[in-house]
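A quick write-up on the structure given underneath.
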Amino acid sequence: MKRALSSIVFRAAAAIVTAFALFSCAQPFEYGDGFGFIVPPEGASQDKGVRNPTELTRNVLLLYSAGHTSGIPKYLKEDIQDLMKGWLPRGTGFSNDVVLVYSHLPKTTADMAWNYSERNSPVLFRLYMGEDGNVVSDTLNVYAPETISASAGQLNEVLNYVYRSFPAKGYGMIFSSHATGYLPEGFYNDPDSYIYTDSSAAGRSLSAARPYVEPVWMREGPMVKSLGYDYARVGGVAVSDEMDLKDFAAAIPMKLDYLLFDACLMGGIEVAYELRGKCSKVGFSQAEVLAEGFDYKSLTMHLLGDDPYPQGVCEDYFLQYDVLYGNERSATVSLIDCDRLEPLAAVCRDLFSKYREGLNSIRASRVQRYYRYDCHWFYDLYDIVAEAGAEEAELAELQAALDLCVDYKAATPEFLPYSYGFTIDVFSGFSMYLPANGHLELDKYYRTLQWNKATGLVE
């Protein structure tokens, strides 16, 4: 992965390209589809003497928006615009909270269509309210055009920069892009061609990208956000890149107070368990996420200040869809305490062992699902155990373990009912793989996940 272009970062550039980033003491530039200004690093601030994290009360919020992809760039751009309309810290002193955005969008053509034939540069910028009351967008880094944002190497580079450059009491991240839960790269769109190999996706370069397969989310129905998915046309050939969940977790260099996924299908126990030790709270959706995603105008009010409240973001997300009708009334969400997952793993380990025969003979049609089309890799954890034959007392023990780690959960009665969707009768707050309706090569991969090592779901 290419490192930041320092010669570009600290060089003055051209004119203002966006009306909502209004003024700055530095010169604006045109990378990142119109977001940003180039300014000195934070250490140049006049109050730079206060840099000991133990003396700081501020929090840092990073939106990692990997939008050099198909289908959703305009929605991710609108998310950033909405973020700029919400509450922002006033100024950049070391006592001020920090709002950072990593944005990677395709270039646009003369007629404002997205151009995938020439890769665009990702940009990292800071948002705050200036003294005149206008929003300031100050660019910190511009990365090489060949950068793959859907890579663990790039995620690690950005997070390390944030951690080094902005000492703080706490850190949180919103990850926004396409995603496919715990599934390995390429599996969701083309499971029949998937062959398990014990290799890491971290550090994948553009030249090693996969041949393009039309994504499932491009099929008929509302546009959805489906970890990370970069898309480009290189030499006239369409290619794509994705991140592996294990590499994603390994790329996080510090423990986050919260990690919120504005992306599809991330709400599995496999995801939460892989991220324990990397974040205290994780918020995600068990099903797909409609492209509008989170309420970005209100989320800074929940995530900044003395006591960040990620549950508020999850609540706002659910409520904005639950008041709608038809397909638009479609949402699943839960907030998980990752520091309280071990009792759930212990209960599941015993139940999976005791009811092995039942697990292997479950009729998938009887279990609550969270997928559309034939992407049958996401079922409700509680319902799987119930259908496997667990007794009432055992289910009560399972529910107690779920209550311990599930801080918040909510689901609409139906999900995309007019677009090959499903009803939601059982909702535990976690999806999970169902081996009885699984895939031989996926089983091989699944055995490498921390959840399977802890519970033995797949033998």
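No lab work stands behind these numbers, since they all come straight from the coordinates. Here the structure is a predicted model, which is why all the values come from computation and not from measurement. Note that each Cβ is placed from the backbone with ideal geometry, even for glycine, and that neighbours are counted across all protein chains shown.
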Going Cα to Cα from Lys246, which aspartates and glutamates come in below 15 Å? Please leave out same-chain ones fewer than 8 positions away.
Glu185, Asp198, Glu270, Glu274
Using θ = phi - 60° and the Karplus curve 6.51 cos²θ - 1.76 cosθ + 1.60, what whole-Hz ³J(HN,Hα) does each residue of the stretch 416-422 get, with Gly and Pro shown as x?
6, x, 9, 9, 6, x, 7
Taking the highest mean first, how do the peptides 253-264, 68-79 order by number of other beta carbon atoms within 10 angstrom per residue?
253-264, 68-79
Which listed pairs, of Lys255/Lys453; Lys77/Lys444; Lys85/Lys169, have C-alpha distances above 29 Å, in listed order
Lys77/Lys444
Sort 433-444, 162-173 for me by packing, meaning the mean count of neighbouring Cβ atoms within 10 Å per residue, highest on top.
162-173, 433-444
Percent relative contact order for the stretch 339-455, counting Cα pairs under 8 Å at least six residues apart, stands at 35
Note down the magnitude of the dipole of the stretch 339-455 about its Cα centre, charges +1 on Lys and Arg C-beta and -1 on Asp and Glu C-beta and zero elsewhere, to the nearest 20 debye.
440
Going by C-beta contacts inside 10 Å, put Asp383, Asp403, Asp132, Asp337 in order with the fewest on the left.
Asp132, Asp403, Asp337, Asp383
